[in-house]
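Starting off with a structure, shown below.
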Amino acid sequence: MSDVPIEDSDEEKPGVILDYDEHGNIIGLEILDASKRIDNPRSLEYSIST
């Protein structure tokens, strides 16, 4: 968890909320009902777009 204050939040997709600092950098990610969105809630997979 970051101590940087949240400047803005945006629901990128339904149930996926990104928090931004004052410079527009992502500092937080919230996934609502995450255990219902994935097959195995004990496993985490992600990809980074460039």
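Taking the stated definitions as given, is Ile48 among the β-branched types (Val, Ile, Thr), over 11 Å from the mean Cα position of the chain (by Cα) and surrounded by 10 or more Cβ atoms within 10 Å (Cβ to Cβ)?
When the stated conditions are applied, Ile48 does not pass them.
Sort out which residues of the range 29-50 are farther than 25 Å from Ile6 by Cα and touching a helix residue (DSSP H, G or I) at 6+ places or on another chain (Cβ under 8 Å), and write them in order of number.
Pro41
Looking at Ile17, Ile38, which one is surrounded by 12 or more Cβ atoms within 10 Å (Cβ to Cβ) and touching a Leu at 6+ places or on another chain (Cβ under 8 Å)?
None of the other options fit; the residue is Ile17.
Moving on to the next point. Kindly list, by first and then second residue, each pair from a residue in the range 30-42 that is within 22 Å of Asp8 (Cα to Cα) to a residue that is modelled with pLDDT of 80 or more, limited to pairs with Cβ atoms under 6 Å and residues at least 6 apart or on different chains.
Close Cβ pairs (under 6 Å, with a partner that is modelled with pLDDT of 80 or more) amount to Glu30/Ile17; Ile31/Val16; Leu32/Gly15.
Any residue at all in the range 22-30 that is open to solvent by less than 80 Å² (accessible area, probe 1.4 Å), of a type in the set (A, V, I, L, M), at negative phi and under 15 Å from the mean Cα position of the chain (by Cα)?
yes
The values are calculated or read from the model by the stated rules, or taken from the named source; none is laboratory data. No experiment lies behind these values; they were computed from the predicted model shown. All Cβ positions, even for glycine, are placed from backbone atoms using ideal geometry, and neighbour counts span all protein chains on display. The area values use the complete protein model at the heavy-atom level, side chains included, leaving out ligands, DNA and RNA. Shrake-Rupley method; radii C 1.70, N 1.55, O 1.52, S 1.80 Å.
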